[in-house]
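Report on the following structure.
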Amino acid sequence: MYANLNPVLRFLKILRNTSWKPTEIDGIRFNFFVKQRHGTTIGVGNNHIIKIQNDKHKGKALDLDGEADLIKYLNDCNCISAPQLQHRGRIDGKPYLICNRILQRRGLRDVDVLFAFLELKGCGVVHFDLRHHNIGPLPHGNNVFFNGQFCVLIDYDQAVYDANVSQMPFSELFAYLERKYPDHNSDYMPIKNQLDAYNYNKYFNNGKLDLSATSLVTKGETTIGHKGVYHDISENFLYLKGERGLKARLPVLERIHFSGESILDVGCNTGLLTRYMAGRGAKYVEGIEYSKEHSLVGQMINNCEGLKNVRIIHHDLGKEILTSNYDTIMLFSVLHHINGMEFAIRQIRDHCERIIIECRVQEDGYQFKGKWRKTNKWSFSSIDELIAYLECQFKFKFSRNYGAVDRGRRILELIKV
Ligand SMILES: C[S@@+](CC[C@H](N)C(=O)[O-])C[C@H]1O[C@@H](n2cnc3c(N)ncnc32)[C@H](O)[C@@H]1O
């Protein structure tokens with residue numbers, strides 16, 4: 001809104017169109033309302049934004065109901081880069097939607113916007129209006145927001161849902177969008193030019209986004225080595241250089257049956273194993289991760305790749321209970337790191353039929369809480385002693401040793417008795 005005006009004129013114009021009458025809608029208080037040029041009114045509350053459609057604007061791809069449907073769809077995909085739709089309805093016959101208000105904080109990086117754009121694309125949504133020049137201190141009128149950790153894209157009246165884009169290589173995307181949505185590319189700046197403003201060429205290599213400079217990746221810490229990034233990832237649309245990948249574990253992992261199972265991956269980091277197991281036919285995979293930042297990266301990656309049956313959430317198994325049951329719980333290089341290991345063991349044994357664990361006969365655990373702190377330690381002289389210890393802790397029965405993988409670790413299976 002008023003994007004091309006200088007900031008002072010813009011502010012004066014907004015003031016002139018503002019009504020200061022606080023109003024309660026759906027139990028939420030909105031402190032002031034700004035009438036916009038394109039037939040909508042924006043109301044601002046402490047933690048919420050309401051958008052009311054006065055007239056349908058011809059130049060917009062979606063009316064307000066369409067916008068609410070699209071945000072709801074993105075919420076159902078657990079899309080991190082979208083706001084949360086809280087309420088929708090009618091006031092005096094006019095449609096409205098209420099979303100959480102994202103308080104913009106400093107620190108937005110170009111690559112954060114590209115990661116958000118890619119996440120929406122993976123969900124089959126093209127935003128089409130990433131106004132780079134329009135980032136300001138006001139809580140409305142800007143479509144690119146930064147919540148201090150990751151970028152949130154707001155304002156979906158120019159967005160489209162198109163399932164074709166989800167798996168489309170980046171190299172084909174712009175030509176496809178220009179062909180399929182010529183109006184978007186003539187009335188508004190083509191999406192390629194908008195992404196140019198975010199230096200997208202700098203962050204893509206061979207059509208894949210390099211996540212290493214994103215705020216989430218740089219703030220998260222899941223290993224003492226390699227810039228704090230544990231997983232080494234190369235997916236269809238992005239990559240991340242970390243300390244450990246899957247390659248060395250694959251020959252052993254391939255012997256394990258996952259097909260049709262519901263699986264929990266504890267300490268899933270950025271979700272490398274969750275995606276592998278989904279690819280091996282698991283029915284549903286949930287990942288839980290102690291690092292908030294890296295759990296968000298993992299969920300965003302799953303969305304970028306268009307995976308629907310994998311979900312990653314932020315969860316500390318050292319003190320938070322599990323609320324679902326699973327066929328299998330994966331404990332890969334994690335059990336000894338958990339601060340609150342006995343609590344975690346009780347949760348695990350009560351919520352699954354099978355445990356697959358990757359660990360060494362001697363382990364030293366660490367967890368990052370502002371700095372790295374020691375957690376648990378064990379030292380056995382043989383694999384049999386380790387197995388006896390695990391059987392006793394979990395009260396499960398050892399069933400199979402799948403074999404040795406990299407760094408002296410073994411993959412063992414225990415089943416419920
Ligand atoms: C060494 S990494 C292993 C990552 C992954 N499981 C793999 O094998 O590739 C250990 C992971 O467990 C996570 N973690 C540590 N304590 C945890 C806890 N209490 N709850 C959930 N995750 C935890 C760490 O943040 C880290 O991402």
Which of HIS231, HIS294 has the fewest Cβ neighbours within 10 Å, and the rest in rising order: HIS231, HIS294
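So if the hydrodynamic radius of the chain is defined as the Kirkwood radius over C-alpha pairs, what does Stokes-Einstein give as its diffusion coefficient at 4 °C and 1.567 mPa s, in µm² per second?
Calculated translational D: 55 µm²/s.
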Rounded Å value of the spacing that divides the Cα centres of the range 380-417 and the range 338-356: 14
Nearest-ten-degree value, helix 292-304 long axis tilted from longest Cα axis of the chain: 70
Residues TYR366, TYR73 arranged by fewest to most Cβ contacts within 10 Å: TYR366, TYR73
Charge tally in the Cβ shell below 14 Å around LEU209, where Lys, Arg are +1 and Asp, Glu are -1, LEU209 excluded: -1
Nearest-ten-degree value, helix 7-16 long axis tilted from longest Cα axis of the chain: 70
Between 0 and 90°, nearest 10: helix 341-350 axis offset from the chain longest Cα axis: 90
Exposure rule at most 16 other beta-carbon atoms within 10 Å, DSSP loop GluC sites (Glu not before Pro): the chain longest free segment: 1-242
For SER399, SER381, SER291, SER212, order by how many other beta-carbon atoms lie within 10 Å, fewest first: SER381, SER399, SER212, SER291
Relative contact order %, the chain, counting alpha carbon pairs below 8 Å whose residues are six or more apart: 10
Selection from GLY267, ILE321, CYS304 lying farthest towards where the dipole of the range 241-416 points positive, charges on Cβ: CYS304
Dipole magnitude (debye, nearest 20) for the chain, charges at Cβ of Lys, Arg, Asp, Glu: 860
The range 5-53-the range 272-331 distance, computed between alpha-carbon centres (Å): 39
Local electrostatic count, VAL285, Cβ distance below 10 Å [Lys/Arg +1, Asp/Glu -1]: +1
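Read the figures in this text as sums done on the coordinates, not as results from a lab. From a predicted model like this one, the values you see are computed outputs, not experimental measurements. Using ideal geometry, Cβ is built from the backbone for each residue, glycine included, and neighbour counts are taken over all protein chains shown.
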